[in-house]
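Written out below as structure tokens is the structure these notes cover.
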């Protein structure tokens with residue numbers, strides 16, 4: 001510990017020289033008083049701002065009133081002043097400071113308002129020697145007559161009285177040297193003469209009964225200053241007696257005074273001066289002896305500091321004071337001319353080792369200002385002490401866990417020594433683990449794995465005890481312990497996931513066959529694959545499906561699809577339906593496996609859930625994979641339902657709803673193999689194998705089905721095939737029931753249902769030789785009548801054709817005499833030159849061309865057939881002029897007009913040549 005005594009610079013205050021009578025510091029407010037009644041107030045936060053106030057003292061003849069001492073309230077706002085005339089003044093510090101901001105004239109008047117005389121305290125004739133402020137407006141004071149007085153400054157409404165109320169608390173036969181009242185512990189200590197008295201459980205200060213404890217010490221022969229002091233925060237007190245300084249603490253309920261320590265005078269350095277004042281720090285006693293400052297350690301009575309303050313001959317050391325409201329507290333010393341501050345640096349460092357030697361480890365840990373290394377050493381020493389005593393191994397583990405000054409292994413070995421209880425080791429390892437940061441990941445993994453292993457050992461030991469215990473109460477208690485330990489394990493796993501190695505923990509727990517703990521860890525690390533496989537091994541399909549739904553992992557669904565579907569089909573497909581990223585094609589093998597199992601079982605009142613899932617896939621999501629439809633059809637076709645007719649209709653409905661999405665050939669082979677005739681007929685029809693469809697239907701005596709095939713609309717364009725198929729159906733109808741049916745009715749039905757595609761003449765070859773004409777008479781007559789009507793219609797059509805022929809011949813002759821009148825000056829429709837200049841042709845449409853212009857236009861067209869006729873004529877003309885006739889060319893070129901016929905229409909796709917100069921003229 002380092003101690004400094006710093007002089008307070010007050011040279012600017014001239015009146016101070018050898019005139020200070022008292023100094024008090026509270027709440028960082030410093031006030032010192034001069035004998036002349038002049039008060040100086042300094043706010044230590046703003047030390048340059050000094051307020052002063054003159055107390056209105058009186059003078060009587062040669063006697064002059066002087067200030068002797070003063071006391072300050074804990075908040076630093078009130079001053080109790082004592083003069084040599086046994087007069088007491090109460091000074092309000094706030095009013096004094098306000099006065100400094102007013103004019104000097106007003107200041108004197110206001111000063112009287114801020115200072116009040118405590119008349120009632122003066123009337124008691126009290127010579128106050130000690131004041132104990134325990135509230136800001138209330139204090140206890142002890143006087144030379146042995147009275148302890150309770151002084152209340154404010155009334156019950158908190159307003160300051162014109163004069164304080166004074167009540168006698170107790171009366172002693174000796175002067176009161178000190179008072180210490182602690183409202184928290186409800187204890188009060190009063191020092192009077194050679195006695196120190198303690199009252200316990202004090203509810204009221206009005207009247208004190210007989211003290212709880214009394215101790216006597218030889219008192220000092222003369223009153224040479226303050227003999228008593230206390231420190232409220234630490235609940236400590238000290239009293240100067242002739243043998244030495246008695247000091248103790250209010251803590252505890254019994255023998256407080258008897259257990260007090262004594263610092264003997266002989267333990268102090270030799271001096272001719274008596275102790276003039278005493279104050280307490282948290283761990284030391286500060287003494288003023290003459291002009292020497294002594295600081296003594298409370299733990300071992302050792303003098304840790306001694307220094308004399310240089311003083312002038314006329315200067316007199318007066319006393320000490322302390323401001324315990326600050327953190328750390330401040331300590332002061334003053335003489336008649338100077339003020340000094342006593343500064344203690346690192347007070348805790350001077351006592352922590354001593355506390356450890358005295359085994360006051362908890363108190364040492366409460367010290368402020370310790371370094372991390374020092375705190376760790378305290379924890380280490382405390383842990384070793386507790387471990388050696390073997391009385392509190394758990395607390396020892398907690399303490400050692402806070403110490404990083406030794407290796408983990410060395411401490412852990414001590415816990416593993418017989419009896420080798422695992423619980424303290426667990427606490428220690430967990431504490432060390434929690435203190436490691438993420439940079440030491442390898443150490444964290446090792447420690448966490450060690451802790452998990454220890455949990456396994458603890459659980460095993462408890463289970464062994466349970467197995468060997470016979471009393472039910474003890475078994476219940478052990479089970480409770482096991483449950484608590486399992487909960488602690490789970491909490492540890494959850495809170496230390498970041499430092500647990502998954503493979504190591506799996507190995508540790510699985511070796512101990514603790515499936516529930518293993519499962520809990522798997523859930524924590526979200527190793528759903530492991531959890532899923534565990535539930536499947538346990539045949540717990542419900543939990544397995546819940547995990548699968550949480551995972552939403554397609555690969556896991558594919559892996560365990562078969563076992564889940566076989567054992568819990570309905571629940572499994574519901575989970576699959578909720579998995580958005582599942583490809584049903586991958587589930588086909590599992591679906592088929594389930595279907596095989598389904599077929600082997602008694603299926604009464606059971607559903608084929610594989611088919612339910614496939615129907616959901618194709619109906620709700622409309623998957624395009626043909627294998628889904630093929631599989632669904634396979635299950636539909638191969639499922640031997642009792643109601644075969646209804647079952648076939650279900651298959652046909654499916655086929656019709658999902659046309660072109662399945663393999664028709666594959667389904668056809670299945671239907672044939674499993675004798676699903678209606679399905680086969682439907683597929684033959686879809687494949688346009690109408691003859692096969694009709695043959696199959698007729699082979700199974702399903703004439704109605706055969707008729708449905710023939711009535712397919714696509715057969716309307718193939719009358720020959722349709723008639724052939726109807727002939728087969730008719731043959732089957734005629735020979736149904738071995739020919740015992742009504743032939744007449746049958747024939748009529750065949751002709752009617754075929755919409756008279758078959759006639760009686762088509763049916764005659766199909767009848768046997770035993771069929772009589774009488775059975776066919778009506779149909780034959782109807783057929784002949786129909787034939788006669790047909791012949792009449794044909795005759796009428798022939799007559800109409802002959803008339804049309806004659807009309808056409810007349811029109812041709814009339815057309816030869818047709819002519820067209822041309823206007824004078826008409827031009828060629830091709831070259832736009834005068835038409836009459838050359839040989840020309842006029843078409844009925846009104847277009848006129850020069851003959852050569854017409855030939856040229858035809859040759860430039862894309863009508864290659866027309867062009868070839870002209871080219872062929874020109875070649876023959878070039879070879880032999882006599883082989884051709886001029887009329888032949890006219891017959892060729894007059895076939896059609898090259899402007900309003902297809903010759904010109906076909907030029908719409910030809911490329912158009914645009915004259916850029918001409919196009920530029922049209923720009924706007």
Subject >> The listed residue being surrounded by 16 or more Cβ atoms within 10 Å (Cβ to Cβ) and either part of a helix (DSSP H, G or I) or in contact (Cβ under 8 Å) with a residue 12 or more places away in the chain (or both), out of 494, 482, 476 >> reply: 482
Subject >> Count of segment 154-181 residues which are more than 60 Å from the chain's Cα centre (by Cα) and assigned to a strand (DSSP E or B) >> reply: 15
Original post:
In this structure, is residue 919 under 23 Å from residue 839 (Cα atoms) and part of a helix (DSSP H, G or I)?
Top reply: no
Original post:
Mind checking whether some residue in segment 531-539 is at pLDDT 85 or above, under 26 Å from residue 619 (Cα atoms), out of contact with any helix residue (DSSP H, G or I) (no Cβ under 8 Å at 6 or more places or on another chain) and not assigned by TED's automatic domain parsing to the domain that holds residue 495?
Top reply: no
Subject >> Residue check, residue 622 surrounded by fewer than 15 Cβ atoms within 10 Å (Cβ to Cβ) and either over 23 Å from residue 544 (Cα atoms) or assigned by TED's automatic domain parsing to the domain that holds residue 679 (or both) >> reply: yes
Original post:
Residues in segment 215-223: is at least one out of contact with any helix residue (DSSP H, G or I) (no Cβ under 9 Å at 6 or more places or on another chain) and closer than 26 Å to residue 122 by Cβ?
Top reply: yes
Original post:
Residues of segment 813-853 being in contact with a helix residue (DSSP H, G or I) (Cβ under 9 Å, 6 or more places away or on another chain) and part of a helix (DSSP H, G or I), which ones?
Top reply: 851
Original post:
In this structure, is residue 406 without any contact (Cβ under 8 Å) to a residue 40 or more places away in the chain, part of a loop (DSSP other than H, G, I, E, B) and surrounded by fewer than 19 Cβ atoms within 10 Å (Cβ to Cβ)?
Top reply: yes
Subject >> Options 429, 384, 367; residue that is modelled with pLDDT of 80 or more and part of a loop (DSSP other than H, G, I, E, B) >> reply: 367
**OP:** Could you please find all residues in segment 157-212 being more than 22 Å from residue 227 (Cα to Cα) and surrounded by 21 or more Cβ atoms within 10 Å (Cβ to Cβ)?
**Re:** 164
Subject >> In segment 265-294, the residues that are part of a loop (DSSP other than H, G, I, E, B) and more than 60 Å from the chain's Cα centre (by Cα) >> reply: 268, 269, 270, 271, 272, 273, 274, 290, 291
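Yes/no per residue for (1) modelled with pLDDT under 90; (2) out of contact with any strand residue (DSSP E or B) (no Cβ under 7 Å at 6 or more places or on another chain); (3) within 22 Å of residue 26 (Cβ to Cβ); (4) not in a strand (DSSP E or B):
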residue: 40; (1), (2), (3), (4): no, no, yes, no
residue: 48; (1), (2), (3), (4): yes, yes, yes, yes
residue: 53; (1), (2), (3), (4): yes, no, yes, no
residue: 57; (1), (2), (3), (4): yes, no, no, yes
residue: 68; (1), (2), (3), (4): no, no, yes, no
residue: 74; (1), (2), (3), (4): no, no, yes, yes
**OP:** Tell me the helices (runs of 4 or more DSSP H) entirely within segment 497-578 that contain at least 1 residues that are closer than 30 Å to residue 447 by Cα and touching a residue at least 24 places away in the same chain (Cβ under 8 Å).
**Re:** 502-511, 515-524, 528-537
Subject >> Residue that is surrounded by the most Cβ atoms within 10 Å (Cβ to Cβ) [pool: residues in segment 410-428 that are within 38 Å of the chain's Cα centre (by Cα) and within 15 Å of residue 457 (Cα to Cα)] >> reply: 424
Subject >> Subset of segment 504-524 that is closer than 16 Å to residue 454 by Cβ and buried (at least 19 other Cβ atoms within 10 Å of the Cβ) - its residue that is nearest to the chain's Cα centre (by Cα) >> reply: 521
**OP:** Restrict the check to segment 248-261 and report whether at least one residue is assigned to a strand (DSSP E or B) and surrounded by fewer than 19 Cβ atoms within 10 Å (Cβ to Cβ).
**Re:** yes
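The values are calculated or read from the model by the stated rules, or taken from the named source; none is laboratory data. Remember, predicted model here, so these are calculated numbers, not experimental data. We place every Cβ from the backbone using ideal geometry, glycine too, and count neighbours over all the protein chains shown.
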